[in-house]
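The structure under discussion appears below in the form of structure tokens.
The values are calculated or read from the model by the stated rules, or taken from the named source; none is laboratory data. From a predicted model like this one, the values you see are computed outputs, not experimental measurements. FYI the Cβ positions are ideal-geometry reconstructions off the backbone, even for glycines, and counts take in every protein chain you see.
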Ligand SMILES: [Zn+2]
């Protein structure tokens, strides 16, 4: 579809200007004022135009457990999550669809799904979420979530636990699944990319990491992983490597300019220098870090050191939503309490740039995405500046980031394809999705996790908590 947006408000260095944007066959072909109308005319009057945000880290299937897991730190929360993980493809499909919808309706046009795989049906799981994202029309980066050590290995001294067992699949078999996924599904030009996605140092051997590096080099894939999300992981890294996790990942060649790492809560100053040097990205997931008590990531220090930062919602069981604007807001103002020098606090315009260009850089796709630039792909969002939550008229981006925007999305295009028009999704029936989610779930509370019972006393001991 060819179209021209006329007279939309757009940020410039100082303030705003009104812009016209011409799009032909999915590419931005002209940006300026008083442009001729090519294709459909889109009235941008009283609307703000921004590039689409990146939801740069999530796990779609967690949607089925949002709101139900009690307040617990990551290591114990994971026990709950895994004990009740849904294992059928219909639910996998619906949760990807729901994650994509919530991302789109909060300004996102790309989602990075660090995808939990159903054992024995790994490729089918990947095919299923791709079908969901393609049906919806959101740009998808799928990082199959892989590990080659069991959950108990993810805690300091965890291998001493009676319940510690070997992982169910060999490292080579796991890497073969990822390679097959690349062969079957990696089609960046069609809006679907496969990433290598080792879970993190807590559950992966060096062989798995280096196998991922080899696949990434062979097929030009971006790399994605969790990094130092919790204090326990910092302790585990010292136990495993006798150096910091970041230093170790640098030594085994995992860090480069297309490596994005979720969380980075427990980074030290040397780690931050290494991340800047290797041009790696930290994906900031502030809500998940608060929900699980993981800590506050040193984002201002990272920014000062030149580390690229993007935003993620993280999975919907540790958030418990997929509202990108909420993640951006909290992830920006949270740091006003970590650093008294207000001159380094994150401004709303900076937040938007981190969510757009920062997201694209983290995936190594900033030459094609992340800004409204001639030659880039038309992943665009129009915000309705007459929506009640964006009134009265002040600084539109200030209010979008710092306010509580509700129903503010007017239009969304991905690759120039209209996905949202007049606030309504064009590609799927939202009422049908609501009905499916309702029918396949039930009110519940007070679940007991059997795995939690097996590991809690160990966790309390290693974290020096009273027993
Ligand atoms: Zn995660």
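Before moving on, here are some points about what is shown:
- Residue, farthest from residue 373 (Cα to Cα), within segment 35-75, restricted to residues that are within 13 Å of the ligand (Cβ to nearest atom) and part of a strand (DSSP E or B): 58
- Flag: residue 116 does not match the condition of being farther than 30 Å from residue 459 by Cβ, within 16 Å of the ligand (Cβ to nearest atom) and in contact (Cβ under 8 Å) with a residue 40 or more places away in the chain.
- Some residue of segment 135-150 being more than 27 Å from residue 235 (Cα to Cα), surrounded by fewer than 19 Cβ atoms within 10 Å (Cβ to Cβ) and touching a helix residue (DSSP H, G or I) at 6+ places or on another chain (Cβ under 8 Å): yes
Rundown of residues vs (1) modelled with pLDDT under 95; (2) within 13 Å of the ligand (Cβ to nearest atom); (3) crowded, with 19+ Cβ neighbours inside 10 Å, yes/no style:
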{"site": "293", "(1), (2), (3)": "no, no, no"}
{"site": "312", "(1), (2), (3)": "no, yes, yes"}
{"site": "316", "(1), (2), (3)": "yes, yes, yes"}
{"site": "326", "(1), (2), (3)": "no, no, no"}
{"site": "329", "(1), (2), (3)": "no, no, yes"}
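- Screening segment 237-257 for residues that are in contact with a strand residue (DSSP E or B) (Cβ under 9 Å, 6 or more places away or on another chain) and free of Cβ contacts under 8 Å to residues at least 40 places away in the same chain and picking the one that is nearest to residue 271 (Cα to Cα) gives 246.
- Enumeration of residues in segment 209-231 that are more than 15 Å from the ligand (Cβ to nearest atom) and under 18 Å from residue 458 (Cα atoms): 231
- Qualifying residues in segment 250-268 (those that are more than 16 Å from the ligand (Cβ to nearest atom) and under 25 Å from residue 287 (Cβ atoms)) - the one surrounded by the fewest Cβ atoms within 10 Å (Cβ to Cβ): 268
- Flag for residue 285 being in contact with a helix residue (DSSP H, G or I) (Cβ under 8 Å, 6 or more places away or on another chain) and within 21 Å of residue 67 (Cα to Cα): yes
- Residue ranges of helices (runs of 4 or more DSSP H) in segment 143-255 with at least 1 members within 18 Å of residue 130 (Cα to Cα): 171-185
- Some residue of segment 122-131 being farther than 28 Å from residue 361 by Cβ, crowded, with 18+ Cβ neighbours inside 10 Å, at pLDDT below 95 and in contact with a helix residue (DSSP H, G or I) (Cβ under 6 Å, 6 or more places away or on another chain): no
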